[in-house]
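Okay, structure first, notes after.
The values are calculated or read from the model by the stated rules, or taken from the named source; none is laboratory data. Keep in mind that what you see is a predicted model, and the values were worked out from it rather than measured. Positions of Cβ are generated from backbone atoms using ideal geometry, with glycine treated the same way; all protein chains shown enter the neighbour counts. Keep in mind that these areas ignore ligands, DNA and RNA; they rest on the heavy atoms of the full protein, side chains included. Shrake-Rupley method; radii C 1.70, N 1.55, O 1.52, S 1.80 Å.
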Amino acid sequence: MFYRRKKTKRVLSNYAFIDSQNLNLGVQKYGWKLDWKKFREVLRVKFNVEKAFMFIGYLPENEDLYRQMQEAGYLVILKPTIDMLTPEDDLKKDDKHITKGNIDTDLVLHTMKERNNYSKAVIVSGDGDFYSLVEYLVQNNKLQCLLAPNIRWSSLLKPFEKYIVRVDSFKREVFYANVKRKPNQSRPNNR
């Protein structure tokens, strides 16, 4: 006699796809730093994120940072970087360079490649370059939310405003507080 096992539908959790440069610069512009470990925990607890893909431009001097991000639970996707002159410096004698990682295509590609493995996507960026991706995810009921670093997200994302959650709205939970005091160092008296 054969008994058939009931097929149980696998419950998928959410995946986050993070534009690290947009997030990092977006919070720093408003005078604070993000604690990556705390942010990963917020993704897990508040947004049911099982896997968090961190897209970042590769610089050899940042090896420790990449390792720390992996230890915090991110799947770090490194992209080769290019060194560019800033547009306003093309005319100046002192060459100022910026380093670009251009991770947008990689973030979109991974989001699409993984789409059958997650219930909903959490896109972490306020960059309008992700308009088509967000539109596709909304149309296919695959977008949990769009996490913008601050109030200044691209106006191209306006049609998806109901999905936007600002990271600075839960700043207290994720800001980096570097509070290291020497033993016997007293607090300044602010009277």
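Does any residue of the stretch 107-118 turn out to be among the acidic types (D, E) and modelled with pLDDT under 95? Please lay out each step first, then the result.
First pass over the stretch 107-118, keeping only residues among the acidic types (D, E): 114.
In the following step, the residues that additionally are modelled with pLDDT under 95 were identified as none.
No; the residues of the stretch 107-118 include none that is among the acidic types (D, E) and modelled with pLDDT under 95.
Give the stretch 47-60 a look and list any residue that's under 18 Å from I103 (Cβ atoms) and either aliphatic (A, V, I, L, M) or not in a helix (DSSP H, G or I) (or both), or say none.
Going residue by residue through the stretch 47-60, those that are under 18 Å from I103 (Cβ atoms) are 51-60.
Scanning the stretch 47-60 gives K51, A52, F53, M54, F55, I56, G57, Y58, L59.
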Practice item. Please state which of the following conditions D129 fails to meet, knowing it meets all the rest: (1) open to solvent by 10 Å² or more (accessible area, probe 1.4 Å); (2) assigned to a loop (DSSP other than H, G, I, E, B). Key: (2)
Practice item. Starting from the stretch 48-59, keep only residues that are surrounded by 23 or more Cβ atoms within 10 Å (Cβ to Cβ), then list their pairs with residues that are acidic (D, E) whose Cβ atoms are within a distance under 7 Å, requiring at least 6 positions of separation or different chains. Key: F55/D19; F55/D106
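Can you give me the number of residues within the stretch 61-81 that are part of a strand (DSSP E or B) and either open to solvent by 50 Å² or more (accessible area, probe 1.4 Å) or on the phi > 0 side of the Ramachandran plot (or both)? Reasoning before the result, please.
Here is the first cut: in the stretch 61-81, the ones part of a strand (DSSP E or B) are 74-79.
With either open to solvent by 50 Å² or more (accessible area, probe 1.4 Å) or on the phi > 0 side of the Ramachandran plot (or both) added as a condition, the list becomes 75, 78-79.
So the count comes out to 3.
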Practice item. For residues that are open to solvent by 10 Å² or more (accessible area, probe 1.4 Å), in a helix (DSSP H, G or I) and touching a helix residue (DSSP H, G or I) at 6+ places or on another chain (Cβ under 9 Å), scanning just the stretch 134-161, find the one that is nearest to V27 (Cα to Cα). Key: S155
Check your understanding: Within the set of pairs 6+ apart or on separate chains, which have a first residue in the stretch 109-128 that is in contact (Cβ under 8 Å) with a residue 40 or more places away in the chain and within 25 Å of R166 (Cβ to Cβ), a second that is among the polar types (S, T, N, Q) and surrounded by fewer than 17 Cβ atoms within 10 Å (Cβ to Cβ), and C-beta atoms under 7 Å apart?
Key -> Y118/S13; S119/S13; G126/S154; D127/S154
